[in-house]
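Below you'll find the structure, written out as structure tokens, and then a few comments.
The values are calculated or read from the model by the stated rules, or taken from the named source; none is laboratory data. As the structure is a computational prediction, the values presented were derived from the model and not from experiment. Reconstructed Cβ throughout: ideal geometry from the backbone, glycine too, with neighbour counts over all protein chains shown. What goes into the accessible areas is simple: the full protein's heavy atoms, side chains included, and nothing from ligands, DNA or RNA. Shrake-Rupley method; radii C 1.70, N 1.55, O 1.52, S 1.80 Å.
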Amino acid sequence: QVHVVESGGGLVQLGGSLRLSCTASGTMNSIHAMGWYRQAPGNERELVGRIVSGGSTNYAEAVKGRFTISRDNAKNTMYLQMNSLKPEDTAVYYCYVDVSYGRGSFVFRKDFWGQGTQVTVSS
């Protein structure tokens, strides 16, 4: 089983910064990608950005130039640096990890999700 834990959320003022962390633990053969989604009240969950195993990243238009995803492979940890925060960034932020696990003839690939961390930006 793979466990995913996010941390770093909180309350910040307009224009402020926060850094979220996401750590995956458990038995994994490889991590193909890690990413962040967010969900504001009344809205659908939307992709914020992700980083693939080779290090490439992509971001939603709404956060380009303000958010940066990085990864520490040795720690199976991904970071989301959020700068110039706006009230519309307020949401629960969820981390997911796209992993392969198992051995022999029983190798599987699946997304595992964290429980989410609240980010609130006040104006």
Practice prompt. Taking just the C-alpha trace of region 76-123, give me its Rg and Dmax in Å.
Written response: 15.9, 54
Fill in: Candidate lysines for bridging to LYS64, where Cα separation is under 24 Å - those fewer than 8 sequence places away on the same chain excluded
LYS86
Discussion item. Give me the one-decimal nm value for the distance between modelled label points at SER53 and PHE106, 7 Å along each residue's Cα-to-Cβ direction.
Written reply: 2.2 nm
Worksheet entry | Share of carbon and sulfur in the accessible heavy-atom surface of the chain [1.4 Å probe, %] | 47 percent
Fill in: Selected from VAL92, VAL107, VAL63 as most flexible by GNM, with the chain as the system and alpha-carbon contacts under 10 Å
VAL107
Item to complete: Could you list which residues have their amide H under 5 Å from that of ARG71, counting only those 5 or more apart in sequence or on another chain, with H placed in the peptide plane?
Response: TYR79
Item to complete: Taking only Cα atoms and a 10 Å spring cutoff, compute GNM fluctuations for the chain and point out the largest among ASP111, ASP89, ASP72.
Response: ASP72
Response to the item:
In whole angstrom, the spacing between the Cα centers of region 1-66 and region 81-123 equals 4 Å
Discussion item. If you average 1/r across every pair of different Cα atoms in the chain and take the reciprocal, what Kirkwood value do you get, in Å?
Written reply: 14.7 Å
Worksheet item: Taking only protein heavy atoms and a 1.4 Å probe, what accessible area per residue, in Å², does the chain have with all protein chains in place?
Response: 54 Å²
